[in-house]
Amino acid sequence: MPERPQPAQKSSAGDPGSVVEFPGTPERGRPPNNLPLQLSSFIGRGREVAEVDGLLVDRRLLTLTGPGGSGKTRLALAVAFEVLDDFEDGVWLVQLASLSAPDLVPQAVAQAVGVREEPDREIAENLVEHLESKEMLVVLDNCEHLIDACAVLAHTLLRSCPRVRILATSREALGVDGESAWLVPPLSLPDPEHPPAFEGLTEYEAIRLFVERAKGVAPAFALTEQNAPAVAKLCRRLEGIPLAIELAAARVRVLSVEQISSRLEKSFALLAGSSRTADPRQRTLRAAIDWSYDLLPEEERVLLRRQSVFAGGFTLEAAEEVCSGEGIEKEKVLDLLSHLLDKSLVLMAARNGEVRYRLLETVRQYGAQKLEESGESAQTRRRHADFFLELIEQVEPNINGRHRGVWLERLELENDNLRTALAWSTEQEAETETGLRLTANLLWFWFHQGYWSEGRAWLHGALATQESTGRPARTSARAKALSSAGHLAYHQGDHTLARRQLEESVELWRELGGKEGLAHALRFLSAGVQPQGDYELVRSLAEESVELFREGSDTFGLTMSLGRLGSAALAQGDYAAAQSFLEEAVAICRETGDDWVLALTLRNLAIAAFRQGNYERAETLLKESLAVLQEPQEKFYTTQSLDSLAVVVSMHGEHKRAARLFGAAEALREAVGANVLPFYRTDYELGVATARAGLGEEAFEEAWAQGRAMTPEEAIGYALQPQTISKEGSVHSKSSYPAGLSPRQAEVLKLVAQGMSNQQIAESLVLSEHTVHRHVSNVLGKLGVSSRTAAVARAAKLDLL
């Protein structure tokens with residue numbers, strides 16, 4: 001870590017009574033990060049930020065400790081932003097509060113820093129390999145419920161990655177060698193023995209926080225000489241704990257400060273009698289939440305504790321379905337939820353036009369305890385699991401189509417809830433069918449998002465729970481779970497287990513008579529047995545799958561099985577049949593608009609053309625395959641198309657271009673944890689050998705390294721358009737659009753000029769709103785402007801409209 005100015009010289013954190021605003025997007029030129037936008041002001045903590053900043057200079061693991069609600073997370077975020085410029089490879093926040101399984105900790109860190117899993121490798125190994133040369137700060141937030149897993153991972157990273165530092169927040173230290181624990185102090189308070197003059201009260205952080213938050217719910221509130229003593233007394237009662245002060249301040253809309261103080265004092269008396277050994281700060285925070293909870297009408301209490309089953313947030317629809325009934329009418333949930341929002345017990349945020357709600361983690365844990373005490377826990381958790389089961393069973397038939405990205409984003413938002421439902425259902429012997437249905441229907445979500453190992457673990461857990469009850473029920477849920485598990489096992493190279501699971505699935509589907517499920521399982525099994533070389537069996541399985549899909553309406557299944565049958569025919573050298581099957585699949589994909597399957601099928605058509613010596617057609621097909629994959633950013637298949645294109649151009653004699661493409665594909669393959677599949681390996685090895693021989697070892701390695709340095713977007717652009725390499729070896733695209741805009745970005749800009757919103761552009765181009773937002777941001781950056789209006793004016797001058 002480079003030397004920095006001494007903490008006291010830094011001014012952005014402010015004085016003890018200052019307000020610090022955090023940006024949500026890093027300023028241009030600053031290191032990369034994922035630090036979130038803070039929507040409320042950060043009161044004071046100037047000294048604490050400076051001290052923690054200074055400690056990070058010579059400590060590689062610093063843990064901020066303290067009770068829930070003491071402000072550990074906000075302080076960590078303030079420090080993280082303060083030190084951002086000191087870490088070349090950025091500062092990365094890993095939020096652990098919503099995780100329940102220890103083995104998900106490495107995955108959460110990997111996801112935050114952009115590391116993907118690889119078959120047959122622990123994700124922690126990938127992390128170490130990725131971070132061992134990085135200069136980075138990792139912020140592990142809310143470690144207490146996963147402390148052993150956090151300690152193991154922290155120890156591993158500190159031992160193997162010398163320039164990585166860790167800032168953790170936890171209610172207790174991690175207990176790792178070399179760790180420094182730093183207790184987060186309460187906000188500053190006036191001395192009751194020597195009270196300051198009224199004018200000096202707002203110099204104290206606790207007073208300032210109370211006043212700021214009180215004004216947020218009651219704009220007319222002001223600190224006066226009359227209420228100042230009560231405010232100071234209340235803040236002292238709350239011992240300067242930020243969450244407790246915020247909860248108290250939320251009540252000024254309906255109670256005077258004196259009334260709040262009086263009610264809170266009674267709560268303290270009750271709490272003090274219940275636990276004399278607990279930490280005083282914990283007793284105080286518990287008192288604040290107890291008090292706030294006790295003030296709620298019964299219906300609001302019921303809703304609050306039932307909402308504790310949600311992890312990572314929830315929608316209004318989810319709250320209405322899961323939390324209504326037995327005392328709460330569905331129609332009243334919105335009003336009750338609004339009341340909880342007013343009282344700062346529920347938080348709200350809007351994303352992509354959808355409002356989501358969440359409980360503060362401390363409040364959620366409190367609510368969970370109350371839910372257990374009420375005897376409603378099992379019933380509420382069952383309703384939670386049923387709601388998300390219904391959601392994924394609605395999404396699953398639609399996830400593989402032209403709107404795939406929208407559905408994947410929807411499920412990603414709910415991933416913490418999905419994990420919670422999975423954990424509950426797979427642990428309940430009475431809910432084995434629910435667990436199997438949940439896991440079986442999440443296959444394509446896990447597959448497209450790259451959660452292969454996690455998906456297999458959930459599937460194995462659900463299957464094992466059912467098998468532990470005795471003879472497993474022979475249901476469609478079990479059959480589908482087996483085929484899902486086998487499909488993921490095949491892609492991770494576990495061919496023996498894949499075949500066993502898929503054969504059992506096929507047998508069970510034949511017994512049950514489920515044609516569509518059987519058709520999918522047959523396709524998976526065809527792929528699963530192909531590495532063993534029994535091509536007649538491979539083809540017959542694929543043929544049966546195709547015939548079953550022809551009897552139904554599942555066009556995704558039909559096109560995928562036609563592609564599988566085409567691959568089987570290719571493996572047998574039956575090029576005429578392969579081309580017929582693949583061209584039929586292409587025609588269907590063009591009609592349905594499923595670019596993902598289209599890209600896969602075009603690639604296999606290109607392989608057929610290549611193996612017949614038609615290199616020009618192969619190159620044309622592969623370029624189209626890459627072009628249609630640009631929007632979904634399906635890196636697992638993009639890398640295979642890049643490899644295949646590299647093979648083709650190497651046979652053209654374009655050895656340098658081939659080597660660069662091979663290098664770019666290798667880097668992308670490592671990033672997503674993919675392998676060169678056996679079906680393509682012979683062609684791949686031929687292309688690499690040809691390019692190496694054509695260039696010579698030194699030039700080949702240099703070109704390969706240039707390719708590895710490309711971003712995925714640069715690699716695709718290089719594959720699709722003429723390129724030049726600068727003297728420094730960097731890649732530049734010869735785009736026909738000014739300012740370096742891609743064709744898609746130019747298209748988006750034209751729609752912006754028509755006055756369309758991001759949502760309207762998304763609907764017009766059949767993209768997700770998130771993708772459109774990314775395109776618009778990139779367009780503004782390339783044009784050097786900060787607004788859509790300025791972008792349109794700039795585009796007009798460049799004759800882009």
Which condition number in (1) surrounded by 15 or more Cβ atoms within 10 Å (Cβ to Cβ); (2) among the β-branched types (Val, Ile, Thr); (3) free of Cβ contacts under 8 Å to residues at least 12 places away in the same chain is the one that VAL217 fails?
-> (3)
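Criterion first (surrounded by fewer than 23 Cβ atoms within 10 Å (Cβ to Cβ), closer than 19 Å to LEU238 by Cβ, touching a residue at least 24 places away in the same chain (Cβ under 8 Å) and not hydroxyl-bearing (Ser, Thr, Tyr)) does GLU48 satisfy it?
Values: surrounded by fewer than 23 Cβ atoms within 10 Å (Cβ to Cβ): yes; closer than 19 Å to LEU238 by Cβ: yes; touching a residue at least 24 places away in the same chain (Cβ under 8 Å): yes; not hydroxyl-bearing (Ser, Thr, Tyr): yes.
In short, yes.
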Run VAL252 past the list (1) out of contact with any strand residue (DSSP E or B) (no Cβ under 8 Å at 6 or more places or on another chain); (2) surrounded by 21 or more Cβ atoms within 10 Å (Cβ to Cβ); (3) within 30 Å of HIS130 (Cβ to Cβ) and report the number of the one that doesn't hold.
-> (3)
Picking from LEU153, LEU174, LEU187, LEU127, the residue that is in contact (Cβ under 8 Å) with a residue 40 or more places away in the chain and within 30 Å of ALA667 (Cβ to Cβ) would be LEU153
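Hey, among ARG236, ARG251, ARG263, which residue is of a type in the set (Lys, Arg), part of a helix (DSSP H, G or I) and either assigned by TED's automatic domain parsing to the domain that holds THR73 or free of Cβ contacts under 8 Å to residues at least 40 places away in the same chain (or both)?
Answer to the selection: ARG263.
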Any idea which of LEU522, LEU488, LEU497 is in contact with a helix residue (DSSP H, G or I) (Cβ under 6 Å, 6 or more places away or on another chain) and farther than 29 Å from ILE123 by Cα?
-> LEU522
Of the residues in segment 340-364, those that are of a type outside the set (Gly, Ala, Ser) and either part of a loop (DSSP other than H, G, I, E, B) or surrounded by 17 or more Cβ atoms within 10 Å (Cβ to Cβ) (or both) number 14
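Wholly within segment 93-198, which helices (runs of 4 or more DSSP H) include no fewer than the required count, namely at least 3 residues that are within 30 Å of LEU209 (Cβ to Cβ)?
Details: elements: 105-113, 123-131, 147-160.
Counting at least 3 such residues, we get no helices (runs of 4 or more DSSP H) at all.
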Scanning segment 96-111 residue by residue, those crowded, with 19+ Cβ neighbours inside 10 Å and in contact (Cβ under 8 Å) with a residue 40 or more places away in the chain turn out to be LEU96, ALA97, SER98, LEU99, LEU104, VAL105, PRO106, GLN107, VAL109
Filter segment 455-497 for residues that are of a type in the set (Lys, Arg) and outside any helix (DSSP H, G or I); which is surrounded by the fewest Cβ atoms within 10 Å (Cβ to Cβ)?
-> ARG471
Search segment 44-74 for residues being among the basic types (Lys, Arg) and under 27 Å from the mean Cα position of the chain (by Cα), and hand back the single one that is farthest from LEU360 (Cα to Cα).
-> ARG60
For residues in segment 663-692 being farther than 25 Å from ALA527 by Cα and modelled with pLDDT of 90 or more, which is surrounded by the fewest Cβ atoms within 10 Å (Cβ to Cβ)?
-> ALA689
Top-ranked residue of segment 635-693 - restricted to ones that are more than 16 Å from GLU619 (Cα to Cα) and not in a helix (DSSP H, G or I), ranked as nearest to the chain's Cα centre (by Cα) = GLY673
Report yes if GLN572 is over 19 Å from LEU525 (Cα atoms) and not aliphatic (A, V, I, L, M), otherwise no.
-> no
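Here is a yes/no grid of residues against (1) farther than 26 Å from GLY514 by Cβ; (2) in contact (Cβ under 8 Å) with a residue 24 or more places away in the chain; (3) touching a helix residue (DSSP H, G or I) at 6+ places or on another chain (Cβ under 6 Å):
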{"site": "THR559", "(1), (2), (3)": "no, yes, yes"}
{"site": "SER580", "(1), (2), (3)": "yes, no, no"}
{"site": "THR592", "(1), (2), (3)": "no, yes, yes"}
{"site": "VAL628", "(1), (2), (3)": "yes, yes, yes"}
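From VAL752, VAL772, VAL776, grab the single residue that is surrounded by 14 or more Cβ atoms within 10 Å (Cβ to Cβ), modelled with pLDDT of 80 or more and within 25 Å of the chain's Cα centre (by Cα).
Details: VAL752 fails: within 25 Å of the chain's Cα centre (by Cα); VAL772 fails: modelled with pLDDT of 80 or more.
That would be VAL776, the only listed residue that is surrounded by 14 or more Cβ atoms within 10 Å (Cβ to Cβ), modelled with pLDDT of 80 or more and within 25 Å of the chain's Cα centre (by Cα).
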Single unsatisfied condition, GLY514 versus (1) under 26 Å from the mean Cα position of the chain (by Cα); (2) over 22 Å from ALA568 (Cβ atoms); (3) surrounded by fewer than 23 Cβ atoms within 10 Å (Cβ to Cβ) | (1)
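Residue-wise test of (1) in contact (Cβ under 8 Å) with a residue 24 or more places away in the chain; (2) closer than 23 Å to GLU118 by Cβ.
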{"position": "ASN441", "(1), (2)": "yes, no"}
{"position": "PHE445", "(1), (2)": "yes, yes"}
{"position": "LEU488", "(1), (2)": "yes, yes"}
{"position": "HIS491", "(1), (2)": "yes, yes"}
{"position": "ARG499", "(1), (2)": "yes, yes"}
{"position": "GLU507", "(1), (2)": "no, no"}
{"position": "LYS515", "(1), (2)": "yes, no"}
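Looking at segment 381-397, is at least one residue touching an Asp or Glu at 6+ places or on another chain (Cβ under 6 Å), modelled with pLDDT of 90 or more and either on the phi < 0 side of the Ramachandran plot or part of a helix (DSSP H, G or I) (or both)?
Yes, some residue in segment 381-397 is touching an Asp or Glu at 6+ places or on another chain (Cβ under 6 Å), modelled with pLDDT of 90 or more and either on the phi < 0 side of the Ramachandran plot or part of a helix (DSSP H, G or I) (or both).
The values are calculated or read from the model by the stated rules, or taken from the named source; none is laboratory data. Keep in mind the model is a prediction, meaning the values are calculated, not measured. Please note: Cβ atoms are built from the backbone with ideal geometry, for glycine as well, and neighbour counts cover all protein chains shown.
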